[in-house]
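Note sheet for the following structure.
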Amino acid sequence: MSSTSIEATNCFICRKHLGKEKQPPGGYIHGGHHFLVCHAPLKMGTSGTLFVESKRHFLDYAEMRQEEAAELFEMLRRLFPLMKKASDAERIYSLAMMDGIPHFHLWLIPRKRGARFKGVRYLMRNYVASGKATRAVASKIKRGMKSEKEL
Ligand SMILES: [Zn+2]
């Protein structure tokens, strides 16, 4: 982490990247130059819910640098098919709110095939992921990101 601003030292995500907060289940799945990918805590969503977190402390797309934007969208282009396959998801929802923590992070939420609810109604449900399913999904995505890199 290169930023040493006051915001960064008080920021949960910055501290998490430095290993000073509880680490994500199964650790980080993927790391780029500008972003890290991890599974969400089990109580924060269904199995396969991922966070893409910027390494640099900034708020949102307005403050995103060109090279960060390029890496983010290439990363999403690769993650979406892997997430769909790993979670048997028909859609991947992506949300960036930054109301809880003012550090850029994107929620990637798989909406399972055949789910009773869709869209906002799906997001309003209080899903809790199982540790076993989370490890399986995270492992598949991690392998997929690695193998694609080797091509
Ligand atoms: Zn931060």
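Whose amide H sits under 5 Å from the amide H of Ile29, counting only residues 5 or more places off or on another chain, with H placed in the peptide plane?
Residues meeting the criterion, in which the H sits 1.01 Å from N, are Val37, Cys38, His39.
Cα axis of helix 131-150 to longest principal axis of the chain: angle in degrees, 0 to 90, nearest 10?
70 degrees
Which whole-Hz ³J(HN,Hα) couplings does region 28-40 yield from phi under the Karplus relation 6.51 cos²θ - 1.76 cosθ + 1.60, θ = phi - 60°, glycine and proline marked x?
Couplings: 7, 7, 8, x, x, 6, 10, 9, 10, 10, 8, 7, 5 Hz.
Using the Cα centre of region 47-148 as origin and beta-carbon charges of +1 (Lys, Arg) and -1 (Asp, Glu), tell me which of Gly119, Met75, Leu106 is placed farthest towards the positive end of the dipole.
Checked the options; the winner is Gly119.
Quick one: pull the percentage of alpha-carbon pairs in region 1-82 with a separation above 23 Å.
Roughly 22 percent, rounded to a whole number.
Only helical DSSP H runs with n ≥ 4 go in: add -39500 (n - 2.57) per run for the chain, normalise by residue count and round the 222 nm mean residue ellipticity to 500 deg cm²/dmol.
Taken over the chain, the calculation gives -11500 deg cm²/dmol.
Gain in length, Glu21 to Lys112, computed as 0.36 nm per residue apart minus the alpha-carbon separation, to one decimal in nm?
29.7 nm
Cross-link candidates for Lys43: which lysines have Cα within less than 25 Å, leaving aside residues fewer than 8 places away along the same chain?
Excluding near neighbours in sequence, the set is Lys16, Lys20, Lys22, Lys55, Lys84, Lys85, Lys112, Lys118, Lys132, Lys140, Lys142.
Quick check: with the 1.4 Å probe, what order do Asp60, Asp88 take by accessible area, largest first?
Final ranking, largest accessible area leading: Asp88, Asp60.
For Val128 and Ala96, what is the calculated FRET efficiency with R₀ set at 25 Å and r taken between the beta-carbons, to the nearest 0.05?
FRET efficiency, Val128 to Ala96: 0.65.
Based on the alpha-carbon gyration tensor of region 87-151 and its eigenvalue square roots a ≥ b ≥ c, which shape applies: rounded if a/c is under 1.5, prolate if not and a/b is larger than b/c, or oblate?
Because a/c hits 1.5 or more and a/b fails to exceed b/c, region 87-151 counts as oblate.
Please list 108-117, 41-50 highest first by mean number of surrounding beta-carbon atoms within 10 Å per residue.
With the highest mean Cβ count within 10 Å placed first, the list reads 41-50, 108-117.
Looking at the chain as a GNM with Cα springs under 10 Å, which of Ile101, Ile92, Ile29 has the largest mean-square fluctuation?
Of Ile101, Ile92, Ile29, the Gaussian network model singles out Ile101 as fluctuating most.
Using the eigenvalues of the Cα gyration tensor, what equivalent ellipsoid semi-axes result for the chain when each is taken as the square root of five times the eigenvalue, whole Å, largest first?
Semi-axes, largest first: 24, 18, 15 Å.
The values are calculated or read from the model by the stated rules, or taken from the named source; none is laboratory data. Not measured: the values here are computed from a predicted model. Every residue, glycine as well, gets a Cβ built from its backbone with ideal geometry; the counts of neighbours run over all protein chains shown. Ligands, DNA and RNA are excluded from the accessible area calculation, which covers all protein heavy atoms including side chains. Shrake-Rupley method; radii C 1.70, N 1.55, O 1.52, S 1.80 Å.
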